[in-house]
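Structure first, commentary second.
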Amino acid sequence: MAVRSALIHHLMSLTLTIHLLAVSGEFFKPFNVSYDHRALIIDGKRRMLISAGVHYPRATPEMWPGIIEKSKEGGADVIQSYVFWNGHEPTKGQYNFDGRYDLVKFIRLIGSSGLYLHLRIGPYVCAEWNFGGFPLWLRDVPGIEFRTDNAPFKEEMQRFVKKIVDLLRDEKLFCWQGGPVIMLQVENEYGNIESSYGKRGQEYIKWVANMALGLGAEVPWVMCQQKDAPSTIINSCNGYYCDGFKPNSPSKPIFWTENWDGWFTSWGERTPHRPVEDLAFSVARFFQREGSFQNYYMYFGGTNFGRTAGGPFYITSYDYDSPIDEYGLLREPKWGHLKDLHTALKLCEPALVSADSPQYIKLGPKQEAHVYHMNSQTDDPKLSELRSLRNCSAFLANIDEHKAVSVKFNGQTYKLPPWSVSILPDCQNVVFNTAKVAAQTSINVLEFYAPLSANMSLKLHAMDQNELSIIANSWMTVEEPIGIWSDTSFTAKGMLEQLNVTKDRSDYLWYLTRIHVSNDDITFWKESNVSPTVTIDSVRDVFRIFINGKIAGSAIGQWVKVVQPVQFLEGYNDLLLLSETVGLQNSGAFIEKDGAGIRGRIKLTGFKNGDIDLSESLWTYQVGLKGEFLNFYSLEENEKADWTELSVDAIPSTFTWYKGTFTQGYKKYLT
Ligand code: GAL
């Protein structure tokens with residue numbers, strides 16, 4: 001009895017200790033992180049690191065533990081994420097760190113699983129995220145120009161970056177406090193657009209570096225795709241292949257912050273796939289050629305919830321063909337093959353970290369070996385034990401895309417499949433070849449099983465998760481009004497820029513004006529066979545024209561010209577326009593200046609007495625859709641709408657909300 005209660009007491013105090021550790025954020029014994037030309041140095045030791053890109057708001061907090069666990073099981077040492085400014089500060093000065101934006105919770109979960117974190121604060125992130133992560137209100141700061149040597153921008157950027165660094169410090173999440181944060185990033189691929197900003201761009205990047213280093217984070221900072229990164233910042237590579245990348249100083253290590261293991265999907269386009277053989281090849285080649293930190297962008301891609309998708313024209317799914325799919329399930333054989341690769345790389349880690357640089361051996365015209373010899377001077381007992389078993393690790397690459405080749409290495413013959421790397425942790429035995437997939441292959445069939453509610457039969461079946469078809473035996477519909485639907489509308493002279501009006505509270509902006517058409521005009525059109533035409537210099541992303549409540553034409557694209565013949569009646573006619581954004585621009589220079597909706601002049605051409613310029617006319621504006629603002633799509637408030645059952649012979653209205661009900665569903669890969 002006494003033993004039992006002592007045991008229980010011990011367990012309780014253990015639980016208490018673990019709990020206290022988690023609350024104070026101490027997941028590790030505090031350690032420092034620095035780097036040399038070869039690698040990150042974690043707690044005094046060089047490390048070869050595999051990192052898994054996971055963006056916390058692209059999953060739900062309920063999914064986070066599973067994703068982190070699967071990343072760890074797959075061989076990741078590090079999780080990498082951006083920080084999403086517009087999610088954290090949707091209104092200036094009002095912060096949101098709840099729910100999917102509970103950054104501290106996410107980091108604590110990473111720490112408690114024993115993984116590290118590379119946090120990319122940006123705050124510009126690109127990431128196919130609405131407006132590249134910038135809050136829309138930032139455009140309204142007087143005198144602001146984004147991402148250049150501009151005082152108002154620098155002030156706002158510094159405030160947010162400092163806010164995040166202070167948060168990490170206050171919550172004791174840095175490694176030197178026992179937390180998992182080992183590395184940060186500031187800006188994102190600025191090098192790609194720097195020349196657009198001339199000298200001011202160069203000044204900006206110097207300021208960015210000083211600002212970041214001045215925040216006292218005491219961990220290394222990275223800038224990706226930044227050839228002129230100052231000496232105090234590691235410049236890293238992004239791309240499909242980064243072997244051969246050289247940082248801008250021999251004293252910096254070779255880091256790969258984004259290995260694109262798939263790609264994002266645009267509306268109407270094919271779902272991109274990257275074969276795992278090629279992905280594994282790129283990773284093995286990277287470590288073969290002196291790389292030491294590699295991150296999968298994305299290891300889990302997830303979902304663009306709400307209106308977070310950037311654009312224009314990116315779909316809601318951010319699955320990315322990543323090793324963990326949008327639903328948090330393992331994508332095989334991608335996940336498994338990479339796990340095998342990581343196991344092989346880990347076996348090489350002692351040699352990889354010990355050698356300052358590899359020995360290069362040319363094995364053939366397109367074949368080569370890199371051999372990492374163990375440094376004999378080591379007082380690490382683990383290393384010296386390993387050295388007795390093996391004293392080098394080697395990578396044999398065949399970069400011929402078509403031919404398998406036999407090569408001689410270390411007195412033996414090795415057959416190398418085309419476009420492959422063989423990994424020999426002991427310089428003799430091949431434990432892994434990137435082109436040979438041993439991991440289980442699953443057939444990409446998804447099945448849904450849904451407990452049926454009483455009045456509903458539901459069957460969901462799909463050959464691919466992007467082609468889900470939902471068949472329910474009853475659907476409800478409600479029409480969305482065409483045009484002005486509320487007293488929040490207002491009238492102003494001239495065409496207003498869309499984002500100035502909507503403030504991105506909605507994708508939709510209605511514009512209404514009234515045109516008077518005389519009997520003379522009608523006769524003229526009849527006799528001359530000319531049509532009146534709505535002509536607009538430039539519009540984006542989706543644009544629709546209605547005459548007297550009926551749709552007359554649409555345009556889709558990024559700043560496209562509209563020339564739409566229409567028909568008017570004699571007397572007053574409503575000319576109604578609907579401009580829709582489909583994800584705000586998230587990449588490129590000067591994104592704050594791009595705006596949305598209509599640019600240039602809007603005219604009616606083909607009238608008897610010449611063109612009518614409507615650019616300065618009186619227009620009535622209505623932000624958003626009724627159903628959107630009344631939350632017709634939400635579980636809580638959909639009952640507010642006047643739903644009617646959809647009948648087979650119903651004539652669809654121009655805009656319709658559809659509601660189908662199912663109680664619950666889950667899916668699995670069939671293997
Ligand atoms: C990179 C960028 C990422 C993401 C990626 C494409 O250039 O840094 O944020 O946009 O492209 O998915």
Exercise for the section: Return yes when Phe281 is buried (at least 18 other Cβ atoms within 10 Å of the Cβ), hydrophobic (A, V, I, L, M, F, W, C), over 18 Å from Val78 (Cβ atoms) and within 15 Å of the ligand (Cβ to nearest atom) and no when it is not. Expected result: no
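Can you go through Lys206, Lys172, Lys227 and tell me which one is over 26 Å from Gly143 (Cβ atoms), surrounded by fewer than 16 Cβ atoms within 10 Å (Cβ to Cβ) and either away from the ligand (no atom under 16 Å from the Cβ) or assigned by TED's automatic domain parsing to the domain that holds Gly143 (or both)? First the steps, then the outcome.
Values: Lys206 fails: over 26 Å from Gly143 (Cβ atoms); Lys172 fails: surrounded by fewer than 16 Cβ atoms within 10 Å (Cβ to Cβ).
Unique residue meeting the criteria: Lys227.
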Fill in the blank from the handout: When every residue in the stretch 242-262 that is touching a residue at least 40 places away in the same chain (Cβ under 8 Å) and surrounded by fewer than 17 Cβ atoms within 10 Å (Cβ to Cβ) is compared, the one nearest to the ligand (Cβ to nearest atom) is Gly244
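Looking at Gly133, Gly178, Gly122, can you tell me which residue is away from the ligand (no atom under 16 Å from the Cβ) and either of a type in the set (Phe, Trp, Tyr) or touching a residue at least 12 places away in the same chain (Cβ under 8 Å) (or both)? Talk me through it step by step, then tell me what you get.
Working: Gly133 fails: away from the ligand (no atom under 16 Å from the Cβ); Gly122 fails: away from the ligand (no atom under 16 Å from the Cβ).
Answer to the check: Gly178.
To keep it simple, each residue is scored yes or no on (1) part of a loop (DSSP other than H, G, I, E, B); (2) surrounded by 16 or more Cβ atoms within 10 Å (Cβ to Cβ).
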{"residue": "Ile107", "(1), (2)": "no, yes"}
{"residue": "Gly111", "(1), (2)": "no, yes"}
{"residue": "His118", "(1), (2)": "no, yes"}
{"residue": "Ile121", "(1), (2)": "no, yes"}
{"residue": "Cys126", "(1), (2)": "yes, yes"}
{"residue": "Phe131", "(1), (2)": "no, yes"}
{"residue": "Leu138", "(1), (2)": "no, yes"}
{"residue": "Gly143", "(1), (2)": "yes, no"}
{"residue": "Arg147", "(1), (2)": "yes, yes"}
Practice task
Would you confirm whether any residue within the stretch 184-202 is assigned to a helix (DSSP H, G or I), buried (at least 21 other Cβ atoms within 10 Å of the Cβ) and of a type in the set (A, V, I, L, M, F, W, C)?
Solution key: no
Exercise for the section: Have a look at Asp611, Asp574, Asp594, Asp521 and point out the one that is surrounded by fewer than 16 Cβ atoms within 10 Å (Cβ to Cβ) and either modelled with pLDDT of 95 or more or under 30 Å from Phe153 (Cα atoms) (or both). Expected result: Asp611
Exercise for the section: Give the number of residues within the stretch 284-331 that are under 14 Å from Thr60 (Cα atoms), within 16 Å of the ligand (Cβ to nearest atom) and free of Cβ contacts under 8 Å to residues at least 40 places away in the same chain. Expected result: 0
Problem - Evaluation of Ser195 against (1) farther than 21 Å from Ile254 by Cα; (2) of a type outside the set (Lys, Arg); (3) within 16 Å of the ligand (Cβ to nearest atom) (one fails), failing number - result: (3)
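For every residue, the table says whether it meets (1) away from the ligand (no atom under 16 Å from the Cβ); (2) polar (S, T, N, Q); (3) under 28 Å from Thr60 (Cβ atoms); (4) in the same structural domain as Met63 (by TED's automatic domain parsing).
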residue: Glu187; (1), (2), (3), (4): no, no, no, yes
residue: Gly191; (1), (2), (3), (4): no, no, no, yes
residue: Leu215; (1), (2), (3), (4): yes, no, no, yes
residue: Thr232; (1), (2), (3), (4): yes, yes, no, yes
residue: His273; (1), (2), (3), (4): no, no, yes, yes
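Quick one: in the stretch 209-222, which of the residues that are in a helix (DSSP H, G or I) and in contact with a strand residue (DSSP E or B) (Cβ under 7 Å, 6 or more places away or on another chain) is surrounded by the most Cβ atoms within 10 Å (Cβ to Cβ)?
Taking the stretch 209-222 as the starting set, the residues that turn out to be in a helix (DSSP H, G or I) are 209-213.
Imposing the further condition that a residue be in contact with a strand residue (DSSP E or B) (Cβ under 7 Å, 6 or more places away or on another chain) reduces the set to 212-213.
Details: Ala212: 24, Leu213: 15.
The qualifying residue surrounded by the most Cβ atoms within 10 Å (Cβ to Cβ) is Ala212.
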Problem - Residue within the stretch 617-628 that is more than 18 Å from Arg544 (Cα to Cα), polar (S, T, N, Q), outside any loop (DSSP other than H, G, I, E, B) and modelled with pLDDT of 95 or more present - result: no
Completion exercise
Pairing a residue in the stretch 220-241 that is more than 26 Å from Trp263 (Cβ to Cβ) and β-branched (Val, Ile, Thr) with any residue that is within 13 Å of the ligand (Cβ to nearest atom) and at pLDDT below 95, where Cβ atoms lie under 9 Å and the two sit 6 or more apart in sequence or on different chains, gives none
Practice task
Kindly indicate whether any position in the stretch 105-114 is away from the ligand (no atom under 16 Å from the Cβ) and basic (Lys, Arg).
Solution key: yes
Practice task
Please indicate, with yes or no, whether at least one residue in the stretch 85-101 is at negative phi, assigned to a strand (DSSP E or B) and out of contact with any Phe, Trp or Tyr (no Cβ under 6 Å at 6 or more places or on another chain).
Solution key: yes
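The values are calculated or read from the model by the stated rules, or taken from the named source; none is laboratory data. None of the values given here were measured: they were computed from a predicted structure. Backbone-built Cβ (ideal geometry, glycine too); neighbour counts: all protein chains shown.
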